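For reference, the structure is listed below as structure tokens.
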Amino acid sequence: MFGEISNDQLALDTAPGILTIDLGALAANYRLLRQRVGAARVAGVVKADAYGLGALRVAPTLYAAGCRDFFVAQFAEAQAIRGALGPDARLYVLNGLQPGAEWACAEAGIIPVLNSLDQVENWSRHARARGGELPALLQFDTGMSRLGLPPEEVETLLAEPSRLAGVRVLHVMSHLASADDPESGQNGAQLAQMRRFAGAFPGVEMCFANSGGIFLGAEYHGALVRPGIALYGGAPTAGVANPMAPVVRLDVRVVQTRTVPAGARIGYGGAHVAAREMRLATIAAGYADGLRRSLSDRGAAYVGATRLPIVGRVSMDSLTLDVSALPPGALKLGGLVEIIGAHQTLEDVARDAGTISYEILTSLGSRYHRVYR
Ligand SMILES: *Cc1c(COP(=O)(O)O)cnc(C)c1O
């Protein structure tokens, strides 16, 4: 009586929403970035579970597209994907190592980014204790005041090069604070500072550009670029047409529809009062699913080309749409509306939410059914 319904089909039918991740588009974005940078190597930044899209699917796809350099933020993230990649893959830990992690890092063949004299000292001591050399990237702070050796620590290091004993510096590195804004004077200032520091390490090439940095021009590329968001379809540069292919599509299911009279209060706090009779649909995703509360009474979903505005406050597990623009009965229990897709980009949702695409992607969470194509 209940038939032969597969677990996959059941998961799809009962999911609150479907997050479709186009691995083909991911690989196409990787190839496009490779064309942009010519001779430089293109790494994949797969921190935070590949910006929420699943590092265990994303990293092997990039590897198959020719990527051999992978950046994560935390040591545990590198450990989690090490076995999914070929032995020739290089994994770098952006935050560097916490004291005590050196042995495990060296054993796993994972490469730390050294951000301070403390981290240099710990890695050097460990290398000398092992009686060999250990690889690292050496990061300088060129003006972001976040990670990397500040200028006075660089001076100390240059005055006392023995501090790097046992450390093989593969690249000198820094990170741009305003790379998505080509007009920002910070970019040129950071590049000039990076070149001054790099000049003290002859023969060691630079690793500098994130997604935005790649599009600032060839002088920013160095030997190894580190794109994240552009691989995932986000815009590398603000305010211009996005050259990247969309990777993510998000469709969410309707869990209830109703018609309310003028004057009805909609959602928490009664924050939205219906100005006229409205047809409403409540959908099965809310701020716990990355549809941030700042989308309350802002932003929309789509059915085809029809825009369905979000009305009232976004709840944890649901939000309500004004579907009056659709014919009565067009949306039913179980029906799907588009949140990210052909009619509304990731960047559109981020703008409506008052945030950036990075935060939308990394907040999508685990409740959607994921389909990898
Ligand atoms: C996250 C990160 C990147 C990737 O940045 P995108 O803007 O996503 O391309 C590159 N480098 C560092 C140091 C980062 O923290």
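Just to check, using Stokes-Einstein with a Kirkwood Rh over alpha carbon pairs, what's the diffusion coefficient of the range 248-372 at 37 °C and 0.692 mPa s in µm²/s?
Values: Rh = 14.4 Å.
The estimated diffusion coefficient comes to 228 µm²/s.
Taking only C-alpha pairs under 8 Å that are 6+ residues apart, what is the relative contact order of the chain in percent?
Numbers: 797 pairs, mean separation 65.3, N = 373.
Normalised by residue count, the contact order of the chain is 18 percent.
The listed residues ASP49, ASP352, ASP289 rank as ASP49, ASP352, ASP289 when sorted by accessible area, largest first, using a 1.4 Å probe.
Modelled spin labels at ALA238 and SER184, positioned 7 Å past Cα toward Cβ, are 0.7 nm from each other.
Counted residue by residue at 0.36 nm each, then reduced by the alpha carbon distance between them, the extension gain from GLU155 to THR14 reaches 44.8 nm.
Filter the trypsin sites (Lys or Arg not before Pro) in the range 120-212 down to the DSSP loop ones having no more than 13 other Cβ atoms within 10 Å, then list what survives.
Details: sites: ARG125, ARG128, ARG130, ARG146, ARG163, ARG168, ARG195, ARG196; in loops: ARG146.
Taking the range 120-212 and a limit of 13 other Cβ atoms within 10 Å, the loop trypsin sites (Lys or Arg not before Pro) found are ARG146.
Tally up the carbon and sulfur contribution to the accessible surface of the range 23-225 as a whole percent, 1.4 Å probe, everything protein left in place. Solvent-exposed carbon and sulfur of the range 23-225 make up 51 percent of the total. Surface composition of the range 303-360: carbon plus sulfur atoms hold 59% of the accessible area, using a 1.4 angstrom probe and ignoring ligands, DNA and RNA.
Within 13 Å, Cβ to Cβ, of THR20, how many net charges do the neighbouring residues add up to if Lys/Arg are +1 and Asp/Glu are -1? Walk me through the intermediate numbers first.
Numbers: positive: ARG57, ARG249, ARG370, ARG373; negative: ASP22, ASP251, GLU338.
Net of charged neighbours comes to +1.
Normalising the Debye intensity of the chain to I(0), with uniform scatterers on Cα atoms only, and taking log10 at q = 0.13, 0.14 Å⁻¹ returns -1.02, -1.12. Once the 1.4 Å probe is applied to the protein heavy atoms, the range 23-225 comes out at 41 Å² accessible per residue.
For the chain, the dipole from Cβ point charges (+1 on Lys and Arg, -1 on Asp and Glu) about the Cα centre works out to 600 debye, to the nearest 20.
Extension gain, ALA342 to ARG163: 0.36 nm times the residue separation minus the Cα-Cα distance gives 59.1 nm.
Can you work out the FRET efficiency for the pair ALA129 and ALA39, with r the C-beta to C-beta distance and R0 = 41 Å, to the nearest 0.05? It would help to have the intermediate numbers written out before the result.
Working: r = 37 Å, r/R0 = 0.91.
Working from the Cβ atoms, E equals 0.65.
Leaving out ligands and nucleic acids, and using a 1.4 Å probe, what accessible area per residue does the range 248-372 come to in Å²?
Working: 5710 Å² over 125 residues.
For the range 248-372, the per-residue accessible area is 46 Å².
For the pair THR259 and ARG293, label points projected 7 Å from Cα toward Cβ lie 3.4 nm apart.
Tell me the net charge near LEU308. Cut-off is 11 Å between Cβ atoms, LEU308 excluded, with +1 for each Lys or Arg and -1 for each Asp or Glu.
Details: positive: ARG279, ARG307; negative: ASP322, GLU338.
Result for the local shell: 0.
Looking only at GluC sites (Glu not before Pro) in DSSP loops with at most 13 other Cβ atoms within 10 Å, what is the longest site-free stretch of the chain? Write out the running numbers ahead of the final one.
Numbers: sites that count: GLU4, GLU133, GLU183, GLU277.
Between exposed loop sites, the widest span is 5-132.
Taken as Cα centroids, the range 287-334 and the range 140-189 sit 45 Å apart, rounded to the nearest whole angstrom. So, how do all the Cα-to-Cα distances of the range 23-225 break down into 5 Å bins, in percent, from 0 on up? So the P(r) values, bin by bin, are 1, 8, 16, 19, 20, 17, 12, 6, 1, 0. Shown here for the range 1-88: chymotrypsin sites (Phe, Trp or Tyr not before Pro) in loop regions (DSSP other than H, G, I, E, B) with at most 16 other Cβ atoms within 10 Å, namely PHE2. Principal axis extents of the C-alpha atoms in the range 51-90 (largest first, rounded to whole Å): 23, 20, 14.
The values are calculated or read from the model by the stated rules, or taken from the named source; none is laboratory data. Quick caveat, the model's predicted, so the values are computed rather than measured. Every residue, glycine as well, gets a Cβ built from its backbone with ideal geometry; the counts of neighbours run over all protein chains shown. The accessibility values were calculated without ligands, DNA or RNA, using every heavy atom of the protein model including side chains. Shrake-Rupley method; radii C 1.70, N 1.55, O 1.52, S 1.80 Å.
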